1. Out of every Cα-Cα pair in the protein assembly as shown, what percent are more than 43 Å apart?
2. Tell me the label-point distance for the pair B:E33, B:Q346, using the 7 Å Cα-to-Cβ offset, in nm and rounded to one decimal.
3. Counting Lys and Arg as +1 and Asp and Glu as -1, each charge on the Cβ, what is the dipole of region B:3-365 about the Cα centre in debye, to the nearest 20?
4. Got the relative contact order for region A:3-116 handy, in percent, Cα pairs under 8 Å and 6 or more residues apart?
5. In degrees between 0 and 90, to the nearest 10, how far off the longest principal axis of chain B does helix B:330-342 point, with axes built from Cα atoms?
6. Taking the convex hull of the Cα atoms, report for chain B its projected area averaged over all directions, in nm².
7. Please give the total accessible area that chains B and A bury against each other, computed with a 1.4 Å probe and expressed in Å² to the nearest 100.
8. Need the list of lysines near A:K26 for cross-linking: C-alpha distance under 19 angstrom, and skip anything on the same chain fewer than eight residues off.
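The values are calculated or read from the model by the stated rules, or taken from the named source; none is laboratory data. Note that the structure is a prediction, hence the values are computed from the model and not measured. Positions of Cβ are generated from backbone atoms using ideal geometry, with glycine treated the same way; all protein chains shown enter the neighbour counts. Calculation scope for accessible area: heavy atoms of the full protein, side chains included, ligands and nucleic acids excluded. Shrake-Rupley method; radii C 1.70, N 1.55, O 1.52, S 1.80 Å.
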Amino acid sequence: MKIEDLVKKICAEMNAKQEDCIGARKCINLSANHFLSAMELVHHELGADARLIFATASYLDNVLYWMAEIYCANQGSISVRAKVDAGTAMPSLSTLWPHADWQEREAQELFGIQFVGANDFEPFLVRNARVQFPHRRQ
Amino acid sequence: MSTQLYYPPVTMSQKGMIGPFALSVHEDGGLVEKLSLGIGYGHRGIESCSESLVFNQCVFYSDRVDFLAAPACNAAVVLAMERLGSIEVPERASFIRCLLLELNRLHSHLFHLALIANSAGHAPLFQYAQRERERFNDLFEMYCGSRLGFGSICLGGVVENASDGWLFRVEQSLSALDEFLVEARQTLLSSPLFTTRLEGLAPLSIEVAKKNNISGVNARSAGHLVDVRNESPYAAYGELRLAPPLASLGGGDGLARLRYRIYEMTESKELILRALARLPRGNHRVIVGNSIHLPRGEAVQRVESPRGEFGVYLRSEGGTRPIRLKYFTPSYFMMRLLPELLRGEQVEDILLAIHGFDISVSEVDR
């Protein structure tokens with residue numbers, strides 16, 4: 001499936017909004033409870049060509065969100081993001097892309113985002129930090 | 001019955017010389033049964049610090065993400081900023097960027113060969129490879145004052161114009177490299193000192209490489225032919241027409257990785273010669289100022305660093321500083337896979353295997 005069609009499908013099925021992006025990237029904003037289903041759809045429709053190149057936490061207008069960027073050869077990339085609400089956990093992507101676990105582990109340690117379905121990891125980058133989640137803004 | 005060995009952190013002062021990290025090995029009859037990693041000893045919070053720096057300062061701080069691939073780190077950050085700010089770079093600057101990136105690749109691969117030789121106990125080859133690497137360090141020093149190329153690629157172009165004298169020295173260094181590569185091929189790929197230890201060492205399959213986002217030489221030597229220079233050409237790579245990655249060098253083991261790195265050095269040499277032949281005249285930089293404002297938005301830029309796919313996610317809210325600058329690095333994904341790949345290998349081959357994957361710990365920790 002082409003990325004354009006996939007984006008339309010996700011927007012229609014999951015009440016997601018498409019954002020303007022530079023270049024061949026497509027950005028989709030959706031709610032946290034649709035995040036995993038959207039990623040499963042991306043994984044299923046784009047198949048082996050789809051690579052999760054990174055997943056990270058970031059801020060948009062001082063609101064923390066979690067995003068995953070998938071690159072598909074010859075098509076460009078698609079960025080799926082969801083707002084992280086206080087007290088709610090994000091679904092883990094490690095069942096779809098195993099290498100997502102270390103990126104989730106990093107986000108858990110630096111931003112304090114919790115993940116459902118992830119391994120119970122110990123902090124590994126800033127074990128002795130004086131601030132609990134050094135990247136998180138108050 | 002299995003026993004447990006505790007290795008102290010492998011530090012810069014030790015033979016490994018790839019950065020500080022800890023290994024804890026459970027061994028069974030000399031074979032690795034389970035391996036645990038400890039990272040983060042060199043965590044400098046580069047991403048967090050960048051949020052308090054102006055865009056231009058972030059470029060110079062990016063060198064420290066991977067000191068062996070400073071121009072690649074610079075290029076990723078700079079290209080993302082230029083994309084976000086719609087900054088047009090002179091054509092000459094794009095070609096010089098390619099020159100610097102490929103010279104850096106040669107420099108990094110030579111360091112890698114030296115490390116492999118050192119871990120296999122071949123002291124002369126270690127010294128020869130370091131001698132060759134010095135030539136490229138000299139070139140970077142002549143160009144920008146830093147022997148590792150720190151700050152050579154800057155916002156709006158490159159830091160200095162390439163003089164004719166410097167370009168002549170580049171050509172000379174490449175001719176000298178040719179002779180070394182012939183020697184290295186004979187020594188490395190035919191000497192039992194390397195072949196018996198590297199053959200079949202820590203094999204990486206194409207499926208595992210794909211599933212775990214492994215890139216660079218490690219992936220290509222396993223048959224996963226990804227190369228950002230081909231997939232999404234940046235700087236002047238589109239005009240230099242890089243040949244597609246070779247599938248015939250595949251095999252996925254330590255020897256295949258070494259073979260592929262030597263092949264890549266020849267390929268880099270060809271690319272540099274092609275860039276030299278087509279280097280246009282003109283300006284090397286457009287002045288963008290020290291406190292540039294980038295518009296609200298975000299950009300993702302990937303480049304092919306000597307270790308694989310290196311990238312940057314940049315988010316700006318319209319000021320002089322980034323809101324978020326995230327680095328995604330090839331060694332991070334490679335390091336994660338080490339316990340799986342080293343299971344069943346001999347304990348004494350651990351360092352050789354780790355060097356074979358060309359992992360940069362400074363990239364993992366950031």
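1. Counting every Cα pair in the protein assembly as shown, those more than 43 Å apart make up 13 percent.
2. Those two pseudo-labels are separated by 2.0 nm.
3. So the magnitude is around 620 debye.
4. Normalised by residue count, the contact order of region A:3-116 is 24 percent.
5. Compared with the principal axis, the helix lies near 10 degrees.
6. So the mean shadow area of the Cα hull is 17.2 nm².
7. Chains B and A together bury approximately 3200 Å².
8. Reachable lysines: A:K2, A:K8, A:K9, A:K17, A:K83, B:K326.
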